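J.: Starting off with a structure, shown below.
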Amino acid sequence: MAFEHSPVLLEQVIAELRLSGPEEKEKREKRIVDCTLGLGGYSEAILTTCPEAVVYALDRDRAAIEAARTRLLEYGDRFRAFHANFGDMEEVLGEFSPLDAFVFDLGVSNMQLTEADRGFSFQHNGPLDMRMNPDGAAQSAADVLSGLSAAELEEIFRTYGEERHAKRIATKIEESRKRGRVPATTEELVALIRETLPAPVQRKMGTHPARRVFQALRIYVNDELGELKSGLKGVKTLANTKATVVVVSYHSLEDRIVKHTFRTWDREEKKGAVLTKHPLVPDSEETGRNFRARSAKLRTFRFF
């Protein structure tokens, strides 16, 4: 299956990495980590822009790795992909350190959203899975809905989805569970949420009524915020002098972690400087051709 692949803020990411131009006169191997490989859009742009670059790419989705390897076959040993969480980069990439740059494109990939049987999308019916690494030990979203109490589900929806109606939805799930109706597919969960929220409430939401619950479940199932914190910790350990870190995030929970971490490195630890006083965001042209880009924010840090 072919997937539409539009890397978000691609030109800005490459510019922030400063791989060419007056700052990069030294023609030496540059070791760059694509922390969230996906289908390889950023890796390809890095390898094309910088002939001295070697990209070490991480992804917990084997299907993404195989697709990217095929796409980037022409670059030979300059591209090396690893099936791993970026939270484990210290262990995986320690032998290649120190490293010169790190790129994170957080959230879910277009491939994962498009494949209905992965269960990420509220727009495609499929099993309620949501695991970025289907081979791993993590529970599926369906397991979470069937195993946690209403109070625990409410906390997940409120914390990771910032869902105002978290309690109402969690209570409805528990009531349905008592009747033997546990949502097992994306379509069933969407239907339950629509049944739970009155029509006027849904109209005022201004977005799909299931979006925040799906986001919350995905973040919880994949421990996305914990992985981000671990990944940034690994960056600090593996970074070379003057290494650059570029992060593209898609919701406030991720962005807060990135913003706080960069500020801590800058103001408290004096490890380097935040290069983006305000996050870079896509222009109207990009959001027009790529809806996923609408909520993207790019932040950059450079070590001393």
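The values are calculated or read from the model by the stated rules, or taken from the named source; none is laboratory data. Here the structure is a predicted model, which means the values were calculated and not measured. For neighbour counting, all protein chains shown are included, and Cβ atoms are generated from backbone atoms with ideal geometry for every residue, glycine included.
J.: Touching a Ser or Thr at 6+ places or on another chain (Cβ under 8 Å) and either assigned to a strand (DSSP E or B) or among the small types (Gly, Ala, Ser) (or both) - does that describe any residue in the stretch 197-206?
T.: So far as the stretch 197-206 goes, no, none of its residues is touching a Ser or Thr at 6+ places or on another chain (Cβ under 8 Å) and either assigned to a strand (DSSP E or B) or among the small types (Gly, Ala, Ser) (or both).
J.: Out of the residues in the stretch 176-196 that are in a helix (DSSP H, G or I) and charged (D, E, K, R), state the one that is surrounded by the most Cβ atoms within 10 Å (Cβ to Cβ).
T.: Going through the qualifying residues, I end up with Glu188.
J.: With basic (Lys, Arg) and either modelled with pLDDT under 95 or touching a Phe, Trp or Tyr at 6+ places or on another chain (Cβ under 6 Å) (or both) as the only criterion, which of Arg168, Arg181 stands out?
T.: Arg181
J.: Going residue by residue through the stretch 294-301, is there one that turns out to be out of contact with any Lys or Arg (no Cβ under 7 Å at 6 or more places or on another chain), small (Gly, Ala, Ser) and either within 18 Å of Glu16 (Cα to Cα) or touching a residue at least 24 places away in the same chain (Cβ under 8 Å) (or both)?
T.: Yes, the stretch 294-301 has at least one match.
J.: Asp255 - would you say it is of a type in the set (Asp, Glu), part of a helix (DSSP H, G or I), over 14 Å from the mean Cα position of the chain (by Cα) and in the same structural domain as Gly94 (by TED's automatic domain parsing)?
T.: Judged against the criteria, Asp255 is not a match.
J.: Quick check on this structure: which one of Arg118, Arg62 is at pLDDT below 95, surrounded by 18 or more Cβ atoms within 10 Å (Cβ to Cβ) and over 26 Å from Phe301 (Cβ atoms)?
T.: Arg118
J.: Restricting to the stretch 35-51, name every residue that is of a type in the set (Val, Ile, Thr) and not in a helix (DSSP H, G or I).
T.: Thr36
J.: Kindly provide the set of residues from the stretch 143-165 that are surrounded by 15 or more Cβ atoms within 10 Å (Cβ to Cβ) and under 20 Å from Arg131 (Cβ atoms), ordered by number.
T.: Asp143, Val144, Leu145, Ser146, Leu148, Leu153, Ile156, Phe157, Thr159, Tyr160, Gly161
J.: What about Ile173, is it over 18 Å from Ser121 (Cα atoms), under 28 Å from the mean Cα position of the chain (by Cα) and surrounded by 13 or more Cβ atoms within 10 Å (Cβ to Cβ)?
T.: Against the criterion (over 18 Å from Ser121 (Cα atoms), under 28 Å from the mean Cα position of the chain (by Cα) and surrounded by 13 or more Cβ atoms within 10 Å (Cβ to Cβ)), Ile173 qualifies.
J.: Considering the stretch 234-257 alone, what residues qualify as being free of Cβ contacts under 8 Å to residues at least 60 places away in the same chain and either crowded, with 21+ Cβ neighbours inside 10 Å or under 25 Å from Gln139 (Cβ atoms) (or both)?
T.: Ile257
Every residue, every condition in (1) among the hydroxyl-bearing types (Ser, Thr, Tyr); (2) under 30 Å from Ile46 (Cβ atoms); (3) not assigned by TED's automatic domain parsing to the domain that holds Val33, yes or no:
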{"residue": "Ser97", "(1), (2), (3)": "yes, yes, no"}
{"residue": "Phe120", "(1), (2), (3)": "no, yes, yes"}
{"residue": "Asn125", "(1), (2), (3)": "no, no, yes"}
{"residue": "Tyr160", "(1), (2), (3)": "yes, no, yes"}
{"residue": "Thr171", "(1), (2), (3)": "yes, no, yes"}
{"residue": "Glu174", "(1), (2), (3)": "no, no, yes"}
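J.: Just to be sure, is Phe214 more than 27 Å from Leu153 (Cα to Cα), touching a residue at least 12 places away in the same chain (Cβ under 8 Å), surrounded by 22 or more Cβ atoms within 10 Å (Cβ to Cβ) and under 21 Å from the mean Cα position of the chain (by Cα)?
T.: The answer is no for Phe214.
J.: Here is a follow-up. Checking the conditions here, which among Glu66, Glu115, Glu95, Glu90 is charged (D, E, K, R) and under 23 Å from Val144 (Cα atoms)?
T.: Glu115
J.: Residue under question is Val103, and the condition is that it be closer than 30 Å to Leu47 by Cα, hydrophobic (A, V, I, L, M, F, W, C) and modelled with pLDDT under 95; does it hold?
T.: Considered against the rule, which asks whether it is closer than 30 Å to Leu47 by Cα, hydrophobic (A, V, I, L, M, F, W, C) and modelled with pLDDT under 95, Val103 comes out as no.
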